[in-house]
Amino acid sequence: MKKIILLVTIICFSPIANAQEILEVDTTKSIVKWTGSNLFKYNKHFGTVKFLKGQIIKSNSAIFKESNDMILEGHFEIDMNSIVNTDGKYNDMLVEHLKNQDFFDVKKHPLASIRFTEVIYKNVNTIKVKADLTIKGVTKAIDFDMKFKVVDDKYKMHSKFIIDRTRWGIKYESKALLSSIKDDIISDAIEFEVILELTVKDKC
């Protein structure tokens, strides 16, 4: 045990070590907004789902400096039981359907997650993120651009991306499973807008 403590001390305080910061997500100010529609997009539903927890680990030698290795890791868990519909149409019925086996099967899979696998700096305030997105126990690679800024020591990040739900096994009323086009076919595309606010939790 003494050897482990000594090793941690050396890593944290050695002048050649790459100091790190842990940024903790503020779950009261961070949110995922979703939009779904029928195939022809004239009937849309939208709502939100909340983060359960999450963090980013980064070098603290600078604040989001233009460099390929500043953000070392990112992982977020999403509470699928927190799904709500905010467009005012069929709220309770729609949310119940989204939570059942036709869509997200929340009873069996209460959590979704996003884990960063690679971060590339496009410019001083935009990064390209490659990540693993897990929904219903299925993990698929996605990528998206994310803008960020630092305001009063708060790290604010924002991104938009679209997924094909069938990649995660969500195939209810999918056009790929139906032999003819109908007005009520649900689009395979789900649009997401991710709003994150993080604060420094710890340094090493």
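Which value, in debye to the nearest 20, gives the size of the charge dipole of segment 67-182 about its Cα centre, when Lys and Arg are +1 and Asp and Glu are -1 at the Cβ?
Values: 20 positive and 17 negative charges, 78 e Å.
The dipole magnitude comes to about 380 debye.
Think of segment 82-204 as having a plus end and a minus end, set by charges on the Cβ of Lys, Arg, Asp and Glu; of Ile190, Thr126, Ser159, Thr126 sits farthest toward the positive end of this dipole.
Readers should treat all values here as calculations from the given coordinates under stated rules, not as data from a laboratory. What you see is a predicted model, and the numbers here were worked out from it, not measured in a lab. Note that each Cβ is placed from the backbone with ideal geometry, even for glycine, and that neighbours are counted across all protein chains shown.
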